[in-house]
1. Placing +1 at every Lys and Arg Cβ and -1 at every Asp and Glu Cβ, with all other atoms neutral, what dipole size does the chain have around its Cα centre, in debye to the nearest 20?
2. How far is it, in nm, from the label point at residue 13 to the one at residue 34 when both lie 7 Å from their Cα along the line to the Cβ?
3. Quick one: which of 87/119; 87/110; 21/84; 90/110 span more than 28 angstrom between C-alpha atoms?
4. Per the Debye formula with a single identical scatterer at each Cα and no solvent contribution, what log10 I(q)/I(0) holds for the chain at q = 0.14 Å⁻¹?
5. Given points 7 Å out from each Cα along the Cα-Cβ axis, report the residue 105 to residue 21 separation in nanometres with one decimal.
Amino acid sequence: MKELFVCDCDVIHQDVVNRVKKELLDDSLTFDIADFFKIFGDSTRVKILWALERHEMCVCDLAYLLQMTKSAISHQLRILRDHKLVKIRKDGKFVYYQLDDFHVKDILDKSLEHLEEGK
């Protein structure tokens with residue numbers, strides 16, 4: 001087990017603490033960021049996003065790809081849409097899902113890059 005080193009004083013670098021304190025995010029924004037990352041805490045949603053990074057798809061194709069019911073996929077897509085991670089494109093009676101913007105792709109790519117870096 002690694003040994004943890006603990007300071008036995010209150011503050012060593014008061015100037016650094018003061019500077020960083022001025023730049024801290026407010027609680028409301030930190031809660032929003034935490035909620036945002038909770039969306040990525042579900043492997044099904046990550047699989048859906050990963051698939052949609054490669055190509056837009058309809059619910060039926062996603063359900064077949066992931067071997068899940070259309071209802072289960074629709075439920076996950078609704079969550080992803082509510083958090084502005086995916087958007088739809090209608091083509092006649094068909095509805096296609098795609099990543100909402102390039103930021104979502106960046107988040108996925110950076111996550112994979114980070115995980116592979118440690119290997």
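1. Roughly 820 debye for the chain.
2. Reported label-point gap for residue 13 and residue 34 is 2.6 nm.
3. 87/119; 21/84; 90/110
4. Values, matching the q order: -0.74.
5. 4.3
A short reminder: the numbers here are calculations on the coordinates, not readings from a lab. Keep in mind that what you see is a predicted model, and the values were worked out from it rather than measured. Using ideal geometry, Cβ is built from the backbone for each residue, glycine included, and neighbour counts are taken over all protein chains shown.
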